[in-house]
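Notes to accompany the following structure.
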Amino acid sequence: MPDCLFCKIIAGDIPASLLYEDERLVVLADINPQAPTHVLIIPRRHIATLNDLGPGDDALVGEMTRRAAAVVREHGLDSRGYRTVFNCNADAGQTVFHIHMHVLAGRRLAWPPG
Ligand code: AMP
Ligand code: ZN
């Protein structure tokens, strides 16, 4: 296993308060929030980047997407709107190489992104 921040959080080696967890996913508040609601939907299994997903991961990605919608709904922000983002590799600014879906809500989000 590579030296991975999110694997350490999931293993309980680094303390973090999880907003949600099940057999396949955890949800974490981003430590450096870019919106009033900014959470990360993270699979328990280590997958470094989107490029490393296989056909067997389709259900996992679907669950991540549906969990994002559920989290925003719990915050009462689903009808206002929100953004989901996967950053992949250097040009997108990926810093943690264990895939995670950012979920941003609670403010007007600019487009195109920077
Ligand atoms: P990315 O740049 O897409 O790889 O996103 C990594 C995200 O992880 C950033 O938004 C960081 O703020 C966030 N992050 C880094 N360390 C932690 C941590 N210990 N707990 C929660 N979020 C973190
Ligand atoms: Zn990992």
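Quick notes on this one:
- Per residue, in Å², the accessible surface of the chain once ligands and nucleic acids are set aside, probe 1.4 Å: 61 Å²
- Ranked order, 14, 31, 41 - accessible area, probe 1.4 Å, largest first: 31, 14, 41
- Ordered from longest to shortest, the equivalent ellipsoid semi-axes for the range 63-114 are 22, 15, 7 Å, each the square root of 5 times a Cα gyration tensor eigenvalue.
- Per atom type, the chain shows carbon and sulfur on 52% of its accessible surface, probed at 1.4 Å.
- For residue 31 and residue 79, the difference between the fully extended length at 0.36 nm per residue and the C-alpha to C-alpha distance is 14.8 nm.
- For q = 0.16 Å⁻¹, Debye-computed log10 I/I(0) when each Cα of the range 1-100 counts as one equal scatterer: -0.71
- The chain, relative contact order [Cα under 8 Å, separation at least 6], %: 30 percent
- Within the shell defined by Cβ-Cβ distances under 12 Å, the residues around residue 37 carry a net charge of +1, with Lys and Arg each +1 and Asp and Glu each -1.
The values are calculated or read from the model by the stated rules, or taken from the named source; none is laboratory data. This is a predicted model, so every value here is computed, not measured. In this analysis, Cβ positions are derived from the backbone assuming ideal geometry, glycine residues included, and neighbour counts consider all displayed protein chains. Remember, those area values only see protein heavy atoms, side chains included, never the ligands or the DNA or RNA. Shrake-Rupley method; radii C 1.70, N 1.55, O 1.52, S 1.80 Å.
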